[in-house]
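The values are calculated or read from the model by the stated rules, or taken from the named source; none is laboratory data. Everything quoted here is computed from the prediction, not taken from an experiment. In this analysis, Cβ positions are derived from the backbone assuming ideal geometry, glycine residues included, and neighbour counts consider all displayed protein chains. Heads up: the accessible areas ignore ligands, DNA and RNA and are worked out on the full protein's heavy atoms, side chains in. Shrake-Rupley method; radii C 1.70, N 1.55, O 1.52, S 1.80 Å.
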Amino acid sequence: MANLLDLRRRIRSVKSTQQITKAMKMVAASRLRRSQERVLAARPYAAALEATLASVALRVPPKEDGSPLHPLLAQREEKRVVLIVVSGDKGLCGGFNANVNRGVGQLLREAKERGVEEVRLVTLGRKAVDFWKRRSLPILDARPGLFAKFGHDTAAAIARKAADLFVSGEVDAVYVIYNEFRSVIAQVIRTKRLLPVELPAGGSAPETDYLYEPSPEAILVRLVPRHLEFQAFQVLLESNAAENAARMTAMDAASKNAGEIIDSLTLTYNRARQARITKELIEVVSGAAAAK
């Protein structure tokens, strides 16, 4: 039978852990509410921006030399690729970070099968930085602690650096892998191609005619980089909300597991205490009977 003192110590230890996990759950829930509001507010703007870009692009006539309408729209054979890996800055969030790294491994295998010659990484978040700096892949940019404080300017800087590499011809495509926020209990690993910027294939211009000032070509030149920057910003928002949701879910499960352990240890403690009391009673009764 387990020692009663050891059981009491274990019960106190698990209760202390449960208090920590409950506090972390409350903090994650508070952060999730704010990050979820930001994600939901950004999605309509992203959809409207994409629809506007597609509408303007359909009104721009193709160039006579066959070149793309914008340098960021140029389609090339993918030989050199940059992969942006978005993880969290902290752990204790279930499989949030491990799923991203596992997805990167799958993408690397697929890239090798497609004949990609070189893959370089941009790691965002401390967990991605710590994981991939011990691997052999070259890292162009590492940003640990990114999610402590980030905004549109942070995403715009990342997008502009990727755009410069693409326009200069150093890379042929830029992909990003991250956790997309679906709900509190559902986060999905998603891979998106940021560069070249994708436009709807085929189709024709809508019947409604608009007067553009300046020209559609000038508007397209402004819209494409803005679309790229906001795509990067939306990825950061989605990942941040998904991380908070995963941490809240993980801490809730940890709190429930701690409660079950406490119940089991309490039951074992009560049985041991009852057995000890019973043994002492038997010794007292036996002593009294022997004295008679």
Report task. Work out how much length residue 268 to residue 186 would gain on full extension: take 0.36 nm times their residue separation and subtract the Cα-Cα distance, in nm to one decimal. Result -> 25.8 nm
Query - Highest-fluctuation residue, 260, 229, 243 considered, GNM on the chain with Cα pairs under 10 Å - result: 260
Report task. Would you mind checking the tilt of helix 152-167 against the longest principal axis of the Cα atoms of the chain, expressed as 0 to 90 degrees and rounded to 10? Result -> 50 degrees
Query - Relative contact order for segment 59-187, counting Cα pairs under 8 Å that sit 6 or more residues apart, in percent - result: 34 percent
**Report entry** Within a Gaussian network of the chain (alpha carbon springs, distance under 10 Å), most fluctuating of 277, 139, 158
**Finding:** 277
Query raised in the report: Once the convex hull of the C-alpha atoms of segment 139-292 is built, how many Å³ does it hold per residue, rounded to a whole number?
Result: 216 Å³
**Report entry** For the chain, with +1 on Lys and Arg beta carbons and -1 on Asp and Glu, the positive-most of 250, 291, 148 along the dipole
**Finding:** 291
Report task. Would you mind pulling out the separation of the Cα centroids of segment 179-197 and segment 82-151, in Å? Result -> 14 Å
Query - Spacing of the two label points (7 Å from each Cα toward its C-beta) at residue 168 and residue 41, in nm - result: 3.6 nm
Requested in this report: Please give the per residue accessible area of segment 1-99, computed with a probe of 1.4 Å over protein heavy atoms only, in Å².
Outcome: 59 Å²
Requested in this report: Mind checking which lysines have their Cα closer than 18 Å to the Cα of residue 79? Skip sequence neighbours fewer than 8 apart in that chain.
Outcome: 112, 192
Requested in this report: Quote the relative contact order of segment 80-135 in percent (integer), defining contacts as alpha-carbon pairs under 8 Å separated by 6+ residues.
Outcome: 57 percent
Query raised in the report: Pairing the Cα long axis of helix 216-291 with the longest principal axis of the chain, what angle in degrees results, from 0 to 90 and rounded to the nearest 10?
Result: 10 degrees
Requested in this report: Would you look at the GNM of the chain, springs on alpha carbons closer than 10 Å, and say which of 103, 91, 115 moves the most?
Outcome: 115
Query raised in the report: Once every DSSP H run of n ≥ 4 in the chain is given -39500 (n - 2.57) and the sum is divided by its residues, what mean residue ellipticity at 222 nm do you get, rounded to the nearest 500 deg cm²/dmol?
Result: -21500 deg cm²/dmol
Query - Stretchable slack from residue 16 to residue 288, in nm (0.36 nm times residue separation minus alpha-carbon distance) - result: 93.5 nm
Query - Estimated distance in nm for a label pair at residue 54 and residue 140, the labels positioned 7 Å out from Cα along Cα-to-Cβ - result: 2.7 nm
Query raised in the report: Could you give the distance between the Cα centres of segment 277-291 and segment 1-44, to the whole Å?
Result: 48 Å
Query - Cα convex hull of segment 1-130 - mean projected area over all directions, nm² - result: 14.2 nm²
**Report entry** DSSP-defined antiparallel bridges as percent of all bridges, the chain, nearest 5
**Finding:** 35 percent
Report task. Using amide H atoms built 1.01 Å from N in the peptide plane, name the residues 5+ places from residue 79, or on other chains, whose amide H lies under 5 Å from its own. Result -> 172
**Report entry** Area of residue 108 that stays accessible when all protein chains are in place (1.4 Å probe, Å², to 10)
**Finding:** 40 Å²
Query raised in the report: With all protein chains present, how much of the accessible area of the chain (probe radius 1.4 Å) comes from carbon and sulfur, to the nearest whole percent?
Result: 54 percent
Query raised in the report: Ordering 117, 238, 280 from largest to smallest accessible area (1.4 angstrom probe), what's the sequence?
Result: 117, 280, 238
Query - Accessible surface, 1.4 Å probe, highest first, among residues 63, 25 - result: 63, 25
Query raised in the report: Just the accessible area for residue 233, please: 1.4 Å probe, Å², rounded to the nearest 10?
Result: 20 Å²
Query raised in the report: Counting only the heavy atoms of the protein chains, how much of residue 210 is accessible to a 1.4 Å probe, in Å² to the nearest 10?
Result: 120 Å²
**Report entry** log₁₀ of I(q)/I(0) at q = 0.15 Å⁻¹ - the chain, Debye sum with one point per alpha carbon
**Finding:** -1.15
Query - Sequence-separation-based contact order of the chain, relative, with Cα cut under 8 Å and 6+ spacing, percent - result: 32 percent
